[in-house]
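Below you'll find the structure, written out as structure tokens, and then a few comments.
The values are calculated or read from the model by the stated rules, or taken from the named source; none is laboratory data. Quantities reported herein were computed from a predicted structural model and do not represent experimental measurements. Here the Cβ positions follow ideal geometry from the backbone for every residue, glycine too, while neighbour counts run over all protein chains shown.
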Amino acid sequence: MASLKKLFGAMGLCLTLIVPAANAQPSLKQQLVGTWRLGSIINVRADGTKYELFGPSAKGILMLDADGFYSLQIMRGDWLPFGRTRMEGTPEENKNIVQSMISHFGTYRMDDKKRTIEFHIRGSSYPNWEKSVQQRSFVLLADDLSWTDPVPPTGPQSSDLRSDLVWHRAKSNDLQ
């Protein structure tokens, strides 16, 4: 009988340890891991006027993996095709592409208390960002993620104040 009491006591202790862990909320990093599609990106000038740097049909993808790697691409959705091959673009075609997209990848770190994500950029279509660290305060509401990018004085347009981005968790049929 004493051994049976010990067995039930040990089982109760195990359940006490397991049940709170099952009810624990996932960390912010765990909630952000996955693929996100761009909902919108709106630049705001210092005078408060807004415009869409990448046009009204901008598209983008953000991938955050559990190991701390990320990849982010944003581009216009209304590009005109090149007249010839990609490697034979005219100066105007090439300028249009460079000014109509941004892409970077690297590693990221989360700060759950501050609700920030820190991008450690290893490669970028804008070489000035390579080897830089950019931090964003974000808001996560279910399957919607948003943050504001402060635009440096040498940003897309010198009169820009910031870029407001909204991302939606991607579903398997979103990218088809």
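Observations
- Checking ASN43, ASN94 one by one, the residue that is in contact (Cβ under 8 Å) with a residue 60 or more places away in the chain and among the polar types (S, T, N, Q) is ASN43 and no other.
- The set of residues from the range 96-112 being aliphatic (A, V, I, L, M) and assigned to a strand (DSSP E or B) comprises MET101, ILE102, MET110.
- Summed over the range 54-80, the residues that are modelled with pLDDT of 90 or more, not charged (D, E, K, R) and not in a strand (DSSP E or B) give a count of 8.
- Restricting attention to the range 46-71 and to residues that are among the aliphatic types (A, V, I, L, M) and farther than 23 Å from ASP143 by Cα, the residue that is surrounded by the most Cβ atoms within 10 Å (Cβ to Cβ) turns out to be LEU53.
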